[in-house]
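Note sheet for the following structure.
The values are calculated or read from the model by the stated rules, or taken from the named source; none is laboratory data. Predicted model only: the values in this text are computed from it and were never measured. Positions of Cβ are generated from backbone atoms using ideal geometry, with glycine treated the same way; all protein chains shown enter the neighbour counts. Please note that ligands, DNA and RNA were not included when accessible areas were found on the heavy atoms of the full protein model with its side chains. Shrake-Rupley method; radii C 1.70, N 1.55, O 1.52, S 1.80 Å.
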Amino acid sequence: MDWFDDWALTLAVFTPLVGMAIILLIPRAEEAAIKVVALLTSLVTLAIGVGILVDFDFGNTAKMQFQVDKEWIPVINARYHLGIDGISLPLLILTMVIVPLCIIYSLDHFPEPHNPKAFLALILLLEVGMIGTFVALDLVLFFIFFEVVLLPMFFMIGVWGGPNREYASIKFFLFTLFGSALMLVSFLALYFLSKRSTFDISTLASFEGAGITRGTQVLLFAGLFLGFAIKVPMFPFHTWLPDAHTEAPTVGSVLLAAVLLKLGTYGFIRIALPILPEGAQVWAPWIGLLSVVGIIYGALCCLAQRDMKRLIAFSSVAHMGFVMLGIATLTDFGVNAAVFGMVAHGLITGMLFFLAGSIQHRYHTREMSRLGGLLVSAPKMGWILGFCAMASLGLPGLAGFWGEFPAVLSAFEPSRLANGILGNTDSTLWTFRTFMVVAAIGTVLAAGYLLWMYQRVGMGTPKPEFEDAHIHDVHRPEWVAWTPLLLGIVVFGLFPNLIFSITNDAASSITRAFSG
Amino acid sequence: MLDNVWIIPLIPAVSYLLILFFGKRMPKKGAEIGIAALGAAFVLACITAMQWIDKVEAAVSKEGGAATGLAALGRSVVAAATGAPEVEPVVRGVTWWENGPAKFEIGARVDGLVVMMLVVVTLISLLVHVYSTAYMHEDRRFTHYYAALSLFSASMLFMVISANLLQLMVGWELVGLCSFMLIGHWWEEKPNSNAALKAFLTTRTGDVGLMTGIIIVFFAAGSFDISVVNEYALSPEVNHGLMMWASVALMFGIMGKSGQFFLHTWLPDAMAGPTPVSALIHAATMVVAGVFLGARVYPVFWEGFSIGGGGLNMMAVVGGVTIIVGAALAFVQNDIKKVLAYSTVSQLGYMVMALGVGAWLGAVFHLFTHAFFKACLFLGAGSISHSATHHSFDMREMGGLRKPMPVTFWTFIVGTVALAGIFPFAGFWSKDEILATADQGDFRIFLVVGLIGAAMTAAYMTRCVYLTFFGQYRGHHHPHESTPAITVPLVILAVLSVVAGLLQSAPFEIKKFQEWFEQVGGLPKEMIIPEFDYGLAAISVSLATIVVGIAAFFVFRREEHGALKGLTQRNRVAHAGYRFLERKYYLDDLYEGVIVAGVKGPIARGSNWVNQYVIDGVVNAVGRGSARAGRWAYDVFDQEVVDGAVNDIGRETALAGGGMSKLQSGRLQRYALFLLASVGLIALAVYIVNVA
Amino acid sequence: MPINYFLILSAFLFCAGAYGVLARRNSVLVLMSVELMLNAVNINLIAFSAQAQDVAGQVFALFVITIAAAEVGIGLAIVLLIYRNLRSPDLDRVEQLKG
């Protein structure tokens, strides 16, 4: 399988692009053909993913596998360098699974103004960007894929979105672009400051920041931080998220929550931490602080929401807080938890957005005060909503727990090299232990808003205005799209080692610089 | 079986899935699957227990006879494990997850505590399954109900056999989930879903402590494994400070789950669920999870709270306060299930206090006996509401049910007497074990608390029994005895309420409970196993009896103007009290006006008030406050400040752009002028730079 | 011949062209003025090339002439279109380009 080793990632990245090109060639009227092509493309991509899984050397997850390293832009020494290790693999597969599910889900209800051709083409373009980001090992390549994602999302929100879509899409675009600009500055600075002018992530990481002074590292890390933190999004850079989610079409929200947010956290793990270890040590307490503020703050904001989808959006802020808290501890526990948390959040929150979309499709409203009695009108959907709410609040035995608990656990004993909030390593322990308790309190609030949402949407009896309305229970495309996610939530919850065993070695090697 | 105990929780878990997917198509709507599964689990649990007992007895006889309990009579104090040989727990595990070099296992552990719990949980769950076929007959969601019961049994058993704390926490939360599902079983009505939410959120609040505590223990001992943790906590190099923090944190978990003061308010509300559920989850099994945790990692608390040293500690104080608070509240309830719920709170207080005063055995033993008589009482209450009052639990609609429901009546009486702690019923032995340990281990104050609690228990249960079974029927239905599906479990539980206590009855030289179930691989060596104390036992029993008498008399007296005349003649105790009171009429006034009015009025109402307004008020205020804080944070901060900044930047940029756009006039020649002027400026700059 | 003569000539031509571009309204004249500027540059190129004994300048001049031819082609086409649309060659009336 040498051939597959060399070509798998390139195929994975560009197959959706080919599919998109084919779709663009098909006349707009032939919707059936367009749908078939889109679905097939995403399935072929998934098949490549399965091939990668089969061929992946699980005994050696810390090493970059399936590497391609070709000259690309020699003038600036940018290379076409792709590769995956134990950290990218779960996220890569997550992306490859989510996209076909989104396409299946949207097959029979496209949001207004319809136009499946453009919609599906954009989804495939989005997939190119997402897969590319997770496999790129060159800063320039990474940056390009990172930005490729913006455009389709912008149009998805701006064209197929809700009533306030223009505002939301522009906010999303500008906010993210602003972060990217600073990130690019840091990338360029890395290029010029590194020993050998290079954009290669593996090479830069192998220097472990050697040759860059502590002060410079702190500045550069700040640049990377802004770029990635906005994407995550961390408090206080999160305000684009609720708007974008509220306005985006269902599938857009799902992709946004399930994959796009992970680009930011992935950036931290893949680029910021290994390349600028000293910067990370200085920034760690502040990242931790913003994370726990995000956890509590996101939860409080959830409690104030009346719109179901907006509530779920705010819950993302809280959940990504746990992921970032794990990363901020700079320990293998934390990074393992972060990757698990990303996958779990992708499955669970993706599922919740699907549900919110389906509920809106049926009731034509997401106002929780008008909803109620979903368990009566559509019992299966009601139970699925309850299941997802439970998963989202971190119930042990379901996937969410394994992102949350080890992250909180890791905060008890952060890396000894990380700074505390007072700017020295003496204050590290109590800083992070305080974070630990606050984060643990956040789990109660999470239970509060999710169950409250469930009580208002799922329990009770239907409101008079919907008493006679015929509410479909879950229908077939929804089952097809949801079953894999639901299974994933259970299976990863019961057998966490399916993911931990993949990420563990890679996480250890990334945090080795901090084990002091 | 000792090696394969994991099969026991697996059976109900499979049954859960089967009921969920195929239950509705089965002739009995899934109930038969649940009953079969629990039956199998019960049989396996019994086999496990047998094998464990064999193993223990083999070890004992090898040591040369049962040296366990044969120490001299009197008030001598025997250290726990000195006589008996240590029997190693059987632990099996597989890798669950890993981090760095560490691998974390999921596994099954069999020791004395585990086999005891296995038998109790499977037995009561089985009885409740059978009972529910009649009780929940034609329920809206019969199949879902059975699915949830199976899931609960699976989770509870999973928690019980946990080999490590993380696994225990998983089971702990899963039983919480099942409790949520079952309390909110009739979720169409708002009060039910409110109660479900309250239960989940309150226990979850305690779970912050549980999570934190487990994390601290993990980093202190370097493992989640229960054996390792216990060994560490008893070793000389233990870090006392960390253990103390861990104990305090874990204590919050226990308070949430086991309904300890001040996190107990959810438990009475949880009565919104179906009655069999209250019996199974909120009396016999799930709520004792906290006590189970305390007993499971007892060395941690022993070290953290310095229990060996006597005096006050958080655990004993919380337990003691809970006994009194719960019992006082039980007086003022009109809902029979609420009486039992507060009684459960109070009894759980006994168990926690027992752990706090070093009475490990007493706590576990009381857990064991309490499961039977409290389940019996709850199921009895269910039987009444099912067959006599048409799903009402209001005692004002009951009365006089003794005649139409003899089985329910007699089983309820047995349960009551056992609960009140009257010789020789089960509650007497376990309560005595606790009190004697408190007495002999330098915890006198808790001995007093325990005795007061016992007296109060006797009083409120008398009131409850009287209002329910004596007097005249005040409802509007036709009371009749329940069907065998209901009465058979009642009888079984009543029998157990009598005999269960005899497992550990010191005057008869029986110490089987200790011999079999104290073998948990690591308890503090200094732990005190008390000698039976006739004086204390006599005080406790006579106190309970006297209070029963007074209370019964008082209640009877008050209802005198009703047609209750003949009653005092039939009931000896009541009769004695009645005569006593009749002669001293003014005493009656004094009693009613001062003592009962005092207890029932200001004290109980005060407790109730504190409960409803202060504690519940704080809970509600925290909830409402966070909602308000959330709204403020959202409205003011998020929308105005944070978002405002974003919007301002956007607006400024737009304004700047508007200004700049005037430059773009569309006139080509003006563009050319700019071009030339710019070139000129650049040339000038280059000139200056080169010259300068 | 001193190179200054050429430079003065070319500067004069350039300025004339610049003035034409900026001041004339007739688009044809503007286009012609642009030609003038380009040729001023050509003169410079050739003058320097001769002085430096390097043919590169002359080659560039040839390029410029070629490009200028193409530019005139396109420019005249644009002028024609402007005239057709506005019925006038007046550049001031071409204001729709503003933002």
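Spatially, region A:65-128 and region A:408-445 are offset by 36 Å when compared through their Cα centroids. Once the mean of 1/r is taken over each pair of separate Cα atoms and inverted, region B:429-468 shows a Kirkwood hydrodynamic radius of 10.9 Å.
Summing both sides, the accessible surface hidden between B and A at a 1.4 Å probe radius is close to 4700 Å². Packing order of peptides A:415-422, A:458-465, highest average first: A:415-422, A:458-465 (average count of other Cβ atoms within 10 Å over each peptide's residues). Specify whether the C-alpha gyration tensor of region C:3-95 places it in the rounded, prolate or oblate class, a ≥ b ≥ c being the square roots of the eigenvalues: rounded for a/c under 1.5, otherwise prolate if a/b is larger than b/c and oblate if not. Taking the square roots of the gyration eigenvalues as a ≥ b ≥ c, region C:3-95 is oblate.
For the peptide B:164-173, the mean number of other protein chain Cβ atoms found within 10 angstrom of a residue's Cβ is 3. Considering helices alone, the calculated mean residue ellipticity of chain A at 222 nm is -23500 deg cm²/dmol, with DSSP H runs of length four and up weighted by -39500 (n - 2.57) and normalised per residue. With a 10 Å cut-off around each Cβ of A:459-467, the average count of Cβ atoms from other chains is 2. For a bin width of 10 Å, list the pair-distance distribution of region A:16-140 built from all Cα-Cα distances, rounded to whole %. That works out to 13, 37, 29, 17, 4, in percent per bin. Entry comment: accessible area of the protein assembly as shown is 37 Å² per residue, from protein heavy atoms only and a probe of 1.4 Å. Each part reduced to its alpha carbon centroid, region A:254-322 and region B:222-298 end up 32 Å apart. For the pair region A:202-237 / region B:624-658, the C-alpha centres are spaced 27 Å from each other. Which residues of region A:393-438 end up with at least 30 Å² less accessible area in the presence of all protein chains than when their chain stands alone, using a 1.4 Å probe? Residues passing the criterion (a loss of at least 30 Å², heavy atoms only) are A:LEU395, A:PRO396, A:PHE401, A:TRP402, A:PHE405, A:LEU409, A:PHE412, A:GLU413, A:MET436. Put simply, chains B and C cover up around 1000 Å² of each other's accessible surface, both sides summed, when a 1.4 Å probe is used. When nucleic acids and ligands are ignored and a 1.4 Å probe is applied, B:PHE674 ends up with an accessible area of around 90 Å². For trypsin sites (Lys or Arg not before Pro), the sites in region A:303-342 that DSSP calls loop and that have at most 16 other Cβ atoms within 10 Å are A:ARG306. If I compute solvent accessible area with a 1.4 Å probe over the protein chains, what percent of it on region B:350-474 is carbon and sulfur? It is 66 percent, rounded to a whole number.
Spin-label pair C:PHE63-B:TYR671: with each label point 7 Å from Cα along the Cα-Cβ axis, the two points sit 2.4 nm from one another. Assuming R0 = 41 Å, can you tell me the calculated FRET efficiency for the pair B:ILE47 and A:ASP57, based on Cβ-Cβ distance, to the nearest 0.05? Once the sixth-power term is evaluated, E becomes 0.35.
Placing a label point 7 Å from the Cα of B:LYS525 along the Cα-to-Cβ direction, the residues of region B:217-231 with a backbone N closer than 20 Å are B:227-231.
For region C:7-35, accessible area lost to neighbouring protein chains reaches 40 Å² or more, against the chain alone with a 1.4 Å probe, at C:LEU22.
Placing R0 at 51 angstrom, the Cβ-Cβ distance between B:MET660 and A:LEU25 gives a FRET efficiency of 0.80 after rounding to 0.05.
Shape analysis of chain A yields a ratio of the Cα radius of gyration to the Kirkwood radius, Rg/Rh, of 0.96. Sort the protein assembly as shown into rounded, prolate or oblate with this rule: let a ≥ b ≥ c be the square roots of the eigenvalues of the Cα gyration tensor; rounded if a/c is under 1.5, and if a/c is not under 1.5, prolate when a/b is larger than b/c, oblate otherwise. Prolate, because a/c is 1.5 or more and a/b exceeds b/c.
Rounded, prolate or oblate for region A:276-516? Axes are the square roots of the Cα gyration tensor eigenvalues, ordered a ≥ b ≥ c, and the cut-off for rounded is a/c under 1.5. Prolate, because a/c is 1.5 or more and a/b exceeds b/c. With a Förster radius of 60 Å applied to the C-beta separation of A:SER206 and A:GLU367, the computed FRET efficiency comes to 0.65. For region B:84-105, accessible area lost to neighbouring protein chains reaches 20 Å² or more, against the chain alone with a 1.4 Å probe, at B:TRP96, B:TRP97, B:GLU98, B:ASN99, B:GLY100.
Peptide C:87-95 shows a mean partner chain C-beta count of 2 within 10 Å per residue C-beta.
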